[in-house]
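Novice: One structure is given below, represented as structure tokens, and several questions about it will come after.
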Amino acid sequence: MTPAPLPPDEAQRLRALHELLLLDTPAEEKFDRVVRFAAEQLDVPFALVSLVDENRQWFKARHGVQSTETPRDIAFCAHAILEPEMFVVEDASLDERFADNPLVTEAPHLRFYAGMPVNAPGGERIGTLCVLDRKPRKLGVVEVAVLQALRDLVNDAVAGKADEEDLP
């Protein structure tokens, strides 16, 4: 397992994340609706809006997942926030960064991950909208477009621009 390196703008990224006052807040329908829609449209058992802080990834919204957080050092999302666009792992059991990750080797036995970075209003990548599966997969062009559009809705909600009726 290879923990993700820290982003070059880590201090600024964490400051932006904490200023949003989203961590450890109650569930909100505007975020929950997005993960339900993502799971349904991409036919995956798991979807998350994940925020990556100093030591963990915390789930602002979750579908198919009972826990509210995981350690940052095993988080796929910690890798995804390093990328300006989508980060995909088609088969985690074949990827040396993740093959021995407890999320792969133990329950929930993840194989597939696709995450789009969620940005603070200043552009800092604070987390992800991601979908996960227990089987290897590839996303088609339409599925990528759906994930991008849903991530844009999450970015709008994070920035306080979205009204609940605008979300799926």
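Novice: Are any residues in the stretch 94-132 assigned to a helix (DSSP H, G or I), out of contact with any Phe, Trp or Tyr (no Cβ under 8 Å at 6 or more places or on another chain) and either under 21 Å from Ser67 (Cβ atoms) or among the β-branched types (Val, Ile, Thr) (or both), and if so, which ones?
Specialist: Scanning the stretch 94-132 gives Pro102, Thr105.
Novice: While we're here: If a residue counts only when it is at pLDDT 95 or above and among the charged types (D, E, K, R), which helices (runs of 4 or more DSSP H) contained entirely in the stretch 4-84 have at least 3 such residues?
Specialist: Counting at least 3 such residues, we get 10-19, 29-42.
Novice: Listed residues Glu10, Glu29; which is of a type in the set (D, E, K, R) and under 15 Å from Gly127 (Cα atoms)?
Specialist: On inspection, the qualifying residue turns out to be Glu10.
Novice: Suppose we keep only residues that are touching a residue at least 40 places away in the same chain (Cβ under 8 Å) and among the β-branched types (Val, Ile, Thr) within the stretch 10-50. Which one would you say is farthest from Gln66 (Cα to Cα)?
Specialist: Val34
Novice: Right, another one. Go through the stretch 122-136 and give me each residue that's within 17 Å of the chain's Cα centre (by Cα) and either on the phi < 0 side of the Ramachandran plot or buried (at least 23 other Cβ atoms within 10 Å of the Cβ) (or both).
Specialist: Of everything in the stretch 122-136, those that are within 17 Å of the chain's Cα centre (by Cα) and either on the phi < 0 side of the Ramachandran plot or buried (at least 23 other Cβ atoms within 10 Å of the Cβ) (or both) turn out to be Glu124, Arg125, Ile126, Gly127, Thr128, Leu129, Cys130, Val131, Leu132, Asp133, Arg134.
Novice: A further question follows. List pairs: first residue in the stretch 144-168 and within 19 Å of Leu48 (Cβ to Cβ) and assigned to a loop (DSSP other than H, G, I, E, B), second residue at pLDDT 95 or above and aromatic (Phe, Trp, Tyr) anywhere in the structure, Cβ distance under 9 angstrom, at least six positions apart or on different chains.
Specialist: Every condition considered, the pairs that remain are Leu167/Phe31; Leu167/Phe37; Pro168/Phe37.
Novice: Go through (1) over 19 Å from Leu22 (Cα atoms); (2) modelled with pLDDT of 95 or more; (3) in contact with a Phe, Trp or Tyr (Cβ under 7 Å, 6 or more places away or on another chain) one by one and return the number of the condition Pro168 breaks.
Specialist: Of the numbered conditions (1) over 19 Å from Leu22 (Cα atoms); (2) modelled with pLDDT of 95 or more; (3) in contact with a Phe, Trp or Tyr (Cβ under 7 Å, 6 or more places away or on another chain), the odd one out for Pro168 is (2).
Novice: Restricting the stretch 56-115 to residues that are in contact (Cβ under 8 Å) with a residue 12 or more places away in the chain and of a type in the set (Asp, Glu), which is surrounded by the fewest Cβ atoms within 10 Å (Cβ to Cβ)?
Specialist: Here the residue is Glu96.
The values are calculated or read from the model by the stated rules, or taken from the named source; none is laboratory data. These figures come from a predicted structure and were not determined experimentally. With ideal geometry, Cβ positions are generated from the backbone for all residues, glycine too; neighbour counts draw on all protein chains shown.
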